[in-house]
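The next block holds one structure in the form of structure tokens; read it before the comments.
The values are calculated or read from the model by the stated rules, or taken from the named source; none is laboratory data. Not measured: the values here are computed from a predicted model. FYI the Cβ positions are ideal-geometry reconstructions off the backbone, even for glycines, and counts take in every protein chain you see.
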Amino acid sequence: MSLRLTALAAALMLAGSAHAAEQIKVGLVSTLSGPGAGLGVDIRDGFNLAIKHLNGKLGGLPAEILIADDQQSPDVAKQTADKFLKKDKVDFMTGIVFSNIMLAVGPAVFDNKTFYISANAGPSQYAGEQCNPFFFNVAWQNDNLHEAVGKVVQDKGFKNVVIVTPNYPGGKDAVAGFKRYYKGKVADEVYTKLGQLDYAAELAQIRATKPDALFFFLPGGMGINFVKQFVAAGLSRDTQLFAPGFSADEDVIKAVGAPMMGMFNSSHWAHDMENSENKRFVADFLKDYGRLPSLYASQGYDAALMMDGAVRDVKGKVEDKAALQKALEAKRFKSVRGDFKFNTNHYPVQNYYLRAIGKDAAGRVTNKTMGTIFTAHADAYVASCKMK
Amino acid sequence: MLQLFLEQALNGLQFGLMLFLLAAGLTLVFGIMDCINLAHGSLYMVGAYFVAAAAQAADSFWIGLGAGVAGAAVLGLLLELSLFRQLYKRDHLSQVLATFALILIANEAVRMIWGAQPVMLNPPEALAGPVEFELFGETFFYPAYRLLIIAVGLAVGGLLYLLVAKSRVGMWVRAGAANREMTEALGINVQRLFTAVFVFGAALCALAGGLLGPLLAVQVGMGESVLILAFVVIIIGGIGSIRGALVGSLIVGTVDTLGRALLPTLLRAALPADAASTLGPALASILIYLLMAGILFFKPQGLFPARA
């Protein structure tokens, strides 16, 4: 009897696969504790806000969002992802902040033929030779924001630069990106441990090098501590700070405050952008969470909108992977950053902007958009991607 | 060059002195009662949270520091009376298991009360910037707050030295570390002595946590990484020896700071840039463990063994 029931159930499930799904399950694995938590929390909150704007649905179907903390550990992330893939059978995955974690989790997701919509991590590996039909990045390729900073530092005529980044894949991408557009002298490249919080030894070395500008990429709590200690050491008098938007967004500004004023940074999005989607997003985020959104929040928001548009496009038939991939590639949604399109490696081709930190009309210390650095900018790895 | 040398020396001193605050309590508890307390790092974490919470409530770093240290001392007293008393007679495995459980309980409790995200603790406004001073005709800069940490560390170290080396209680403590049974036979209440040492150790933990809070981050799990360093310190210094803890702390602090500062530069001179940038940070982070292995090879009991 039970055997027959099982067979019946199996037959029903097989038959059901050609029809629209009844609900869309999303597995969101992100860093929600520790020094990197600010990033993951913003991605999660941005994603949830989009689901709220979509009335709890994705592509017209009820959405179930499973959320888990990876504790910034590749092992924990991999276990959680396996559970989401095998036990919960999610339709999409998203949420990972750090590239080393993304590279650890990626293979299991792709083998399972589940679409991963990255709301942050954009490792060069997945943009180039290891590009994969099941991987999309709705934010940027890791190098991009650093390339933009490199261009600004070059254009502003700085000649002697020190680079500080953590020793992990995202850090290597940062240095590669920055140096692609900055052609002057690099006085020193400082690699720190990922998650390091005390920079006394590094700051002393930097003081001895006497750079005219310093480019640092230290996401989350690392950047908060670095800027605080940089200012406390009195280095801000002679050295101009530059960073990608990651190290100079609301999470860091909230913690550091006024000492960050005057710092330049790059981003593909800013909260003062004038399109109607962005205005609604920023106003509702501020209302619901009591703080300004960061670029991470905008990326989480866009990831949900991207899933929504694609599911709607295939009329809920998410089992038809080829059709779903086409729908995702076609980008059927309006991003809060304005228009952009996907390249052949599933990474964005988009504009990058220069922002400066200062006081806004309401007296808040925050980012202000100063101008465009790159227009319709693609990443440097797309040529080596042979998308199957 | 002089500025760099002085600054790195001060950095090493600052890191070492903070390690000393942690290692002092740990080495006495381990030395006198032969009790392995893995939850020592949790006292550091909880102490830091106490300081942060009190500083926020009182809107003053100093009041917060005082209240947090006092709170941690009370917590230490309660822990000693309720749990650790039962553990002294047990073997090391039971102690490790019980105190490891305490780590998990402390982490989850902190997560429930204060949340998973780090809590902000800012240094006093007056100490947020650098200090400038003239030396040999050159102008030096050093963060004012780090100077304060060095001053407090030196003061506490001096006080501990006086207490342990010159006072009657200190004599009992040293006697207890050297030979517990004989000390008891001489009519010293080692039980009560240990309660006092444990409470004092907890207060030192909170002091270190509160002082380091504005430099690092007050967060769940901050105790574990520092606990490992504290164990390295007491093993290098010799278990049960305050002098060993001080020397061990300063060695570890200096070697770690210099390793992070100099190794990448040295390697870059010898190796291709790519290999140097990968190897440098990795080697710097294991340097103190190499140092520990080296010292244990020549001095298996540590530099200043209490039971010579």
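When the stretch A:288-317 is filtered for residues that are among the β-branched types (Val, Ile, Thr) and either without any contact (Cβ under 8 Å) to a residue 12 or more places away in the chain or part of a loop (DSSP other than H, G, I, E, B) (or both), only A:VAL314 remains. Which residue is farthest from the other protein chains (Cβ to nearest Cβ), if the candidates are limited to the stretch A:202-233 and must be assigned to a loop (DSSP other than H, G, I, E, B), of a type outside the set (D, E, K, R) and surrounded by fewer than 24 Cβ atoms within 10 Å (Cβ to Cβ)? Among those that are assigned to a loop (DSSP other than H, G, I, E, B), of a type outside the set (D, E, K, R) and surrounded by fewer than 24 Cβ atoms within 10 Å (Cβ to Cβ), it is A:PRO211.
Among the residues of the stretch B:125-138, just one is in a helix (DSSP H, G or I) and of a type in the set (D, E, K, R), namely B:GLU125. Of all the numbered requirements in (1) of a type in the set (Val, Ile, Thr); (2) under 14 Å from the mean Cα position of the chain (by Cα); (3) not in a helix (DSSP H, G or I), B:ILE36 misses one, and that requirement is (2). Quick check: anything in the stretch A:145-155 touching an Asp or Glu at 6+ places or on another chain (Cβ under 9 Å) and either hydroxyl-bearing (Ser, Thr, Tyr) or under 30 Å from A:GLY309 (Cβ atoms) (or both)? Yes, the conditions are met somewhere in the stretch A:145-155.
Under the condition of being in contact with a Gly (Cβ under 7 Å, 6 or more places away or on another chain) and closer than 17 Å to A:ILE24 by Cα, the residues counted in the stretch A:96-115 number 0. Of all residues in the stretch B:1-26, those satisfying the criterion of being at pLDDT 90 or above and away from chain A (no Cβ under 14 Å) are B:PHE20, B:LEU21, B:LEU22, B:ALA23, B:ALA24, B:LEU26. Here B:HIS40 fulfils each of the conditions (1) surrounded by 24 or more Cβ atoms within 10 Å (Cβ to Cβ); (2) in contact with a His (Cβ under 8 Å, 6 or more places away or on another chain) apart from (2).
Of all residues in the stretch B:106-133, count the ones that are of a type in the set (A, V, I, L, M, F, W, C), within 12 Å of chain A (Cβ to nearest Cβ) and touching a residue at least 24 places away in the same chain (Cβ under 8 Å). Number satisfying all stated conditions: 6. In the set B:ALA178, B:ALA208, B:ALA217, only one residue is over 14 Å from B:SER42 (Cα atoms), touching a residue at least 12 places away in the same chain (Cβ under 8 Å), among the small types (Gly, Ala, Ser) and within 14 Å of another protein chain (Cβ to nearest Cβ); that residue is B:ALA217. Just one residue in the set A:ILE67, A:ILE96 is in contact (Cβ under 8 Å) with a residue 60 or more places away in the chain, touching a helix residue (DSSP H, G or I) at 6+ places or on another chain (Cβ under 7 Å) and assigned by TED's automatic domain parsing to the domain that holds A:SER294; that residue is A:ILE96. Contact map, the stretch A:159-170: residues that are assigned by TED's automatic domain parsing to the domain that holds A:LEU241 paired with residues that are of a type in the set (S, T, N, Q), Cβ distance under 6 Å, separation 6+ or inter-chain. Pairs shown: A:VAL162/A:THR209; A:PRO166/A:THR192; A:TYR168/A:ASN100; A:PRO169/A:SER99; A:PRO169/A:ASN100; A:GLY170/A:SER99; A:GLY170/A:ASN142.
For (1) at positive phi; (2) buried (at least 16 other Cβ atoms within 10 Å of the Cβ); (3) at pLDDT below 95, each residue gets a yes or a no:
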| site | (1), (2), (3) |
| --- | --- |
| B:ALA58 | no, no, yes |
| B:GLY68 | no, yes, no |
| B:LEU75 | no, yes, no |
| B:LEU78 | no, no, no |
| B:PHE84 | no, yes, yes |
| B:LYS89 | no, no, yes |
| B:GLN95 | no, yes, yes |
| B:PRO118 | no, yes, yes |
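Restricting attention to the stretch B:146-200, the residues that are of a type in the set (D, E, K, R) and under 17 Å from B:GLY76 (Cβ atoms) add up to 1. Here A:LYS89 clears all of (1) over 19 Å from the mean Cα position of the chain (by Cα); (2) not in a loop (DSSP other than H, G, I, E, B) except the condition numbered (2).
Taking the listed residues B:ALA202, B:ALA185, the one that is more than 14 Å from every other protein chain (Cβ to nearest Cβ), surrounded by fewer than 19 Cβ atoms within 10 Å (Cβ to Cβ) and modelled with pLDDT of 85 or more is B:ALA185, with no other qualifying. Within the stretch B:249-264, being closer than 14 Å to B:LEU279 by Cβ and more than 9 Å from chain A (Cβ to nearest Cβ) holds for one residue alone: B:LEU263.
Just to be sure, is A:ALA248 of a type in the set (A, V, I, L, M, F, W, C), in contact with a Ser or Thr (Cβ under 9 Å, 6 or more places away or on another chain) and assigned by TED's automatic domain parsing to the domain that holds A:LYS368? Spelling it out, A:ALA248 is indeed of a type in the set (A, V, I, L, M, F, W, C), in contact with a Ser or Thr (Cβ under 9 Å, 6 or more places away or on another chain) and assigned by TED's automatic domain parsing to the domain that holds A:LYS368. Scanning for something in a loop (DSSP other than H, G, I, E, B), buried (at least 20 other Cβ atoms within 10 Å of the Cβ) and not aliphatic (A, V, I, L, M), does the stretch A:241-260 turn up at least one residue? Looking through the stretch A:241-260, at least one residue is in a loop (DSSP other than H, G, I, E, B), buried (at least 20 other Cβ atoms within 10 Å of the Cβ) and not aliphatic (A, V, I, L, M). The residues in the stretch B:139-166 that are outside any helix (DSSP H, G or I) and away from chain A (no Cβ under 12 Å) can be counted, and the count is 0.
Would you confirm whether any residue within the stretch A:343-350 is assigned to a loop (DSSP other than H, G, I, E, B) and over 18 Å from the mean Cα position of the chain (by Cα)? Yes, because at least one residue in the stretch A:343-350 is assigned to a loop (DSSP other than H, G, I, E, B) and over 18 Å from the mean Cα position of the chain (by Cα). With respect to (1) part of a helix (DSSP H, G or I); (2) within 14 Å of another protein chain (Cβ to nearest Cβ), the lone exception for B:TRP172 is condition (2). How many residues, within the stretch A:143-179, are buried (at least 24 other Cβ atoms within 10 Å of the Cβ), farther than 19 Å from A:VAL227 by Cβ and modelled with pLDDT under 90? Here the count works out to 1. Would you pick out the residues in the stretch B:240-282 that are over 23 Å from B:ALA9 (Cα atoms) and touching a residue at least 40 places away in the same chain (Cβ under 8 Å)? Answer for the stretch B:240-282, where residues must be over 23 Å from B:ALA9 (Cα atoms) and touching a residue at least 40 places away in the same chain (Cβ under 8 Å): B:GLY240, B:SER241. Only a single criterion out of (1) closer than 21 Å to A:ASP308 by Cα; (2) part of a loop (DSSP other than H, G, I, E, B) is not satisfied by A:GLN130, namely (1). Restricting the stretch A:180-201 to residues that are within 7 Å of another protein chain (Cβ to nearest Cβ) and not aromatic (Phe, Trp, Tyr), the residue that is surrounded by the fewest Cβ atoms within 10 Å (Cβ to Cβ) is A:LYS193.
Each row is one residue, and each column tells you yes or no for (1) farther than 19 Å from A:LYS321 by Cβ; (2) touching a strand residue (DSSP E or B) at 6+ places or on another chain (Cβ under 7 Å).
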site: A:GLY59; (1), (2): no, yes
site: A:GLN71; (1), (2): yes, no
site: A:ALA77; (1), (2): yes, yes
site: A:ILE96; (1), (2): yes, yes
site: A:ASN100; (1), (2): yes, no
site: A:ALA104; (1), (2): yes, no
